[in-house]
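Asks: Mind having a look at this structure? Questions to follow.
The values are calculated or read from the model by the stated rules, or taken from the named source; none is laboratory data. This is a predicted model, so every value here is computed, not measured. A quick note on method: Cβ atoms are made from the backbone with ideal geometry, for glycine too, and the neighbour counts reach across all protein chains shown. The area values use the complete protein model at the heavy-atom level, side chains included, leaving out ligands, DNA and RNA. Shrake-Rupley method; radii C 1.70, N 1.55, O 1.52, S 1.80 Å.
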Amino acid sequence: MEEQRPELALARRQRWSGMWNGIVIGMGVGWIILGNALGFLPIGMGIALEIIQRRVMAGDR
């Protein structure tokens, strides 16, 4: 197996976390469009995850 450089591993992790945040926020927007106020929960979760991930990334450097 190939060893990955730390920069590549970090870029891959960022892409996956961004994709999952987008999915969670998108689900919330979809629920709101369909008239379900519960959609604000996934939007809040996605935003909170993004903030936490940015703090973790800032601490890694």
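Asks: Any idea how many residues of the range 1-22 are in a helix (DSSP H, G or I) and open to solvent by 70 Å² or more (accessible area, probe 1.4 Å)? Step through it out loud before you land on a result.
Replies: Keep residues of the range 1-22 that are in a helix (DSSP H, G or I), which gives 6-22.
Subset that is open to solvent by 70 Å² or more (accessible area, probe 1.4 Å): 6-8, 12-16, 19-20.
Qualifying residue count for the region: 10.
Asks: Could you say whether any residue in the range 50-59 is modelled with pLDDT of 80 or more, in contact with a Gly (Cβ under 9 Å, 6 or more places away or on another chain) and open to solvent by less than 100 Å² (accessible area, probe 1.4 Å)?
Replies: yes
Asks: May I ask you to verify whether Ile43 is of a type in the set (Val, Ile, Thr), in a helix (DSSP H, G or I) and open to solvent by 50 Å² or more (accessible area, probe 1.4 Å)?
Replies: Working: of a type in the set (Val, Ile, Thr): yes; in a helix (DSSP H, G or I): yes; open to solvent by 50 Å² or more (accessible area, probe 1.4 Å): no.
In short, no.
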